[in-house]
Amino acid sequence: MISLGCAKNLVNSEQMMYLLRKAGHTLTGDVSDADVNIVNTCGFLESARQEAVDQILELAPLRGKIVVAGCLAELVKEEIFTELPEVSAIVGCGSFDRIVKAAEAAYAGEKFSAFDALGASVSETPRVVTGCNGECRPDGGISAKSAYLKISEGCSNHCAYCLIPTIRGAHVSRPVERILEEAQTLASGGVREIILVAQDLTRYGIDLYGAPRLCELLNKLCETEGIRWIRLHYLYPNEFTDELIDVIASRDKIIKYIDMPIQHCSDEILRAMNRRGSKKQLEELIQKLKERIPGIVIRTTVITGFPGETQAHHLEMCDFLARHRLPRVGAFAYSAEDGTPASEFPGQVPEETKLRRQEQIMTLQRDIMDSFNETRIGQTVDVIYEGYDRLAETFYGRSFAESPDVDGKIFFSSKTVPGDFTRVLIESADNGDLFGTAEEDLL
Ligand code: SF4
């Protein structure tokens, strides 16, 4: 199983692995050894679709049959058979639970495709939990200390540049009971950090219960025995209520790190993006979060070069980031995706300009990130253990302020093999990473 794209897609890959293993098939980490190679694809950006095609072509010379699943499959369907005759089977985003049939048909040399309706309900199929690093234990046990927990599927926000509502369907919440059960299963298996994911966490419950229920869910998740950290990814700023701020502030298990994509700050651009909310609301929200939750780490993403974005809008964005000094920011050059309203908008910005603005924001942010990391030198922090770097001969992990895959790591020396968590004195910072020593070695 090759899992591309986001954490939500990784959860689907893990569910497919569970079904394949339950059907008696064996999971291997070696594509050249496989009878069937499954690529669970991403498809919401041209660059992601190209990555999926490159991956499929890389597998073509191998003996294994190829099955394509996920967002690219959902977006282009049987066209894949025409464009990539090497592919034997295709399953869309509504058909992950048909993966065994797809793999067996492929292995038998047959063509197979399945595109069940989207948005019915979220699959409650169990998972082979690979954690945030995508590795699974041969015996099916959970090796990871961190795992993603998907609370809903799809999105109904319809931002003007985004294909996800088309690919993944409308927003559908999982029942609270199912989410709590899964959290307990993860904890019983050794997971200590759960990372809540969805396209938009703040919408949780609106479809199923007629009102937002994220706060209630968080309070209940905090009662899960064994879970020490609850991390929140993908919060929509405009739905960020005072109640949600209070829950994050008052519950120790909910770590003071939030991922809240804003995409832009200019009222004109936000309106053109069909994003709810205004610059004034964003300013007030960030101020409120910093006052109510001292030391909170805010991660966000912004898009540069959205159609109609002028140099003045761009400078407004730079000024906003320079004033709020958010330690974790990703900037992406706008990509005109066929099938999205924005791809037809007038005022398309030249590629060179988009990339120049992206680079300007990332340069600004590197300084902000470095000075943030400098302020942490001399602090002793809790670090969740992730592994051992043989080359550097050092252990590594993350504190509350680092999310997997998108932020740096904390490399630390320790005389003993770390447990789930280690207290680490931060001694230096370099290029987004931090370096330190296990506190117990300093006592
Ligand atoms: S919130 Fe907007 S950008 Fe995010 S998945 Fe939904 S439509 Fe796409």
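Listing for the model above:
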| read-out | value |
| --- | --- |
| Sulfur and carbon atoms: percent of accessible area, the chain [1.4 Å] | 52 percent |
| Residue-normalised accessible area of the chain, given per residue in Å² at a 1.4 Å probe | 42 Å² |
| Spin-label pair Asp338/Thr375, simplified geometry with 7 Å Cα→Cβ offset, distance in nm | 4.7 nm |
| Length released on extending from Phe115 to Arg178, taking residue separation times 0.36 nm less the Cα-Cα span | 20.2 nm |
| Globularity ratio of segment 377-442, using Cα Rg and 2.2 N^0.38 Å | 0.97 |
| Cα-based reach from Lys253 at 25 Å (exclusive), listing lysines while leaving out same-chain residues under 8 positions away | Lys8, Lys145, Lys150, Lys220, Lys288, Lys290, Lys409 |
| Residues Glu79 and Arg251, FRET efficiency given R0 of 51 Å [Cβ-Cβ distance, rounded to 0.05] | 0.60 |
| Highest-MSF residue in the chain out of Cys159, Cys93, Cys71 [GNM, Cα springs under 10 Å] | Cys159 |
| Estimated distance in nm for a label pair at Ala392 and Gln281, the labels positioned 7 Å out from Cα along Cα-to-Cβ | 4.1 nm |
| Per-bin percent of Cα-Cα distances, segment 276-435 [10 Å] | 9, 31, 29, 19, 10, 1, 0 |
| Computed label-point distance, nm, for sites Ser47 and Ser156 using a 7 Å Cα→Cβ extension | 3.2 nm |
| Under 24 Å from the Cα of Lys354 - lysines, other chains or at least 8 residues apart | Lys279 |
| Column: log10 I(q)/I(0), Debye, Cα scatterers of the chain, q = 0.08, 0.12, 0.14 Å⁻¹ | -0.48, -1.12, -1.49 |
| Within a Gaussian network of the chain (alpha carbon springs, distance under 10 Å), most fluctuating of Lys220, Lys354, Lys256 | Lys220 |
| Accessible surface, 1.4 Å probe, highest first, among residues Glu284, Glu216 | Glu284, Glu216 |
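The values are calculated or read from the model by the stated rules, or taken from the named source; none is laboratory data. Since we're looking at a predicted model, the values are computed, not measured. As a convention, Cβ positions derive from the backbone with ideal geometry for all residues, glycine included, and neighbour counts pool all protein chains shown. Note: areas computed on protein heavy atoms with side chains; ligands, DNA, RNA excluded. Shrake-Rupley method; radii C 1.70, N 1.55, O 1.52, S 1.80 Å.
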